[in-house]
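Comments concern the structure below.
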Amino acid sequence: MSIEHNLDPNRIPKHIAVIMDGNGRWAKKQGKFRVFGHQHGVKAVNEITEGAAELGVEYLTLYAFSTENWNRPKIEINALMSLLVKTIKKETPTLMKNQIKLTTIGQIDSLPGECKAELQQAIDATKDNTRMTLILALSYSAKWDIVNSVKKIAVQYKNGEIDLSDINENLISGSLSTNRIPDPDLMIRTSGEHRISNYLLWEMAYSEFYFTDVLWPDFRKEHLHEAISNYQNRERRFGKTGEQIAEKKN
Ligand code: IPE
Ligand code: IPE
Ligand code: MG
């Protein structure tokens, strides 16, 4: 029986966050340019989006471009941006068919005009879809988001709209670009790197981390099922003891 059939439907992570890594190395292994790897990464994006929706995942966040990625060679940045435009245009009908709502986190203003326009169209077209929310992290970094959040809160405090005692975890969570999105239950990073590269620092305080050596362009539904199966075999204790968790279950 496949792993998919052994998954517990009652313990599917509500929110999965992914660091799609390894496109460049995938291309290099075949003697091709890095962009070739990004192009093939799109197939993995489609597979994993569909696979997550099939399992009943409610939120899927994909790290597509970090604030730090602006430091890459211009030619690669341009290729990534055109790939983004092309992919969104091509995939919007599939998002509609699969009832998936598209949204973004990150500094969208910093993207090229054509990207922004294409994204906005897809966001508008899919806004009433309810099966799953697909969040693209674009020009995103967690520290950028936290700095923004602190600024918003400072303005509210300065204007007398809030007191010092109003500043709590909920207020901070609500001021981040991930407000209204529950914290990720599971974070998956491909390509064998064991770091979080400025991704969802606040939100992943209690996420389970899953690292795999598979390079992103090779990532398929069965790898997603493997990650979820691994997640389902863990005990999330949130500071409590294993005994307390077992007691609650019985
Ligand atoms: C991930 O693959 C895609 C982006 C960061 C846009 P990389 O491009 O980082 O691939 P590697 O890590 O160099 O192999
Ligand atoms: C993280 O991957 C960002 C994305 C997947 C978009 P990187 O490949 O840029 O991460 P580092 O810099 O190697 O940590
Ligand atoms: Mg990388």
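Derivation of every value follows stated rules applied to the coordinates shown; laboratory data play no part. Keep in mind that this is a model prediction, so the values were computed, not measured. For neighbour counting, all protein chains shown are included, and Cβ atoms are generated from backbone atoms with ideal geometry for every residue, glycine included.
Quick notes
- Distance from the alpha carbon centroid of segment 43-58 to that of segment 116-150 works out to 17 angstrom.
- In plain terms, if you count all Cα to Cα distances in segment 167-208 and split them into 10 Å steps from zero, the share in each step is 25, 51, 20, 4 percent.
- Dividing the mean sequence gap of close Cα pairs (under 8 Å, 6+ apart) by how many residues segment 1-143 holds gives a relative contact order of 28 percent.
- Charge tally in the Cβ shell below 10 Å around Leu200, where Lys, Arg are +1 and Asp, Glu are -1, Leu200 excluded: -3
- Normalised by residue count, segment 54-167 yields a Cα convex hull volume of 144 Å³ per residue.
- Distant alpha-carbon pairs in segment 1-66 (separation over 21 angstrom), percent: 37
- q = 0.13 Å⁻¹: log10 I(q)/I(0) that the Debye formula gives for segment 81-143, counting C-alpha atoms only: -0.32
- For Tyr63, Tyr206, Tyr231, order by how many other beta-carbon atoms lie within 10 Å, fewest first: Tyr206, Tyr231, Tyr63
- Entries of Lys14/Lys89; Lys143/Lys248; Lys74/Lys127; Lys32/Lys89; Lys101/Lys240 with Cα pairs more than 31 Å apart: Lys143/Lys248; Lys74/Lys127; Lys101/Lys240
- Shape summary of the chain, radius of gyration then Dmax from alpha carbon positions: 19.0, 61 Å.
- Centroid-to-centroid separation of segment 218-250 and segment 188-205 [C-alpha atoms, Å]: 18
- Neighbour cut-off at most 15 other Cβ (10 Å), DSSP loop, trypsin sites (Lys or Arg not before Pro), segment 138-184: Arg180
- Distances between placed amide hydrogens fall under 5 Å for Glu208 paired with Leu186, Met187, all partners being 5 or more residues away or on another chain.
- Only Lys, Arg, Asp and Glu carry charge here, each on its Cβ (+1 for the first two, -1 for the last two); on that basis segment 1-52 has a dipole of about 420 debye about its Cα centre.
- With contacts taken as Cα pairs under 8 Å at a separation of at least 6 residues, the chain carries a relative contact order of 28 percent.
- Computed over segment 104-250, the range of Cα coordinates on each principal axis works out to 48, 43, 32 Å, biggest value leading.
- Equivalent ellipsoid of segment 112-172: semi-axes from √(5λ) of the C-alpha gyration tensor, largest first, are 31, 15, 12 Å.
- Among Pro13, Ile105, Phe36 - extreme Cα towards positive end, dipole of the chain, charges at beta-carbon: Phe36
- Rg(Cα)/(2.2 N^0.38 Å) for segment 186-250, N = residue count: 1.32
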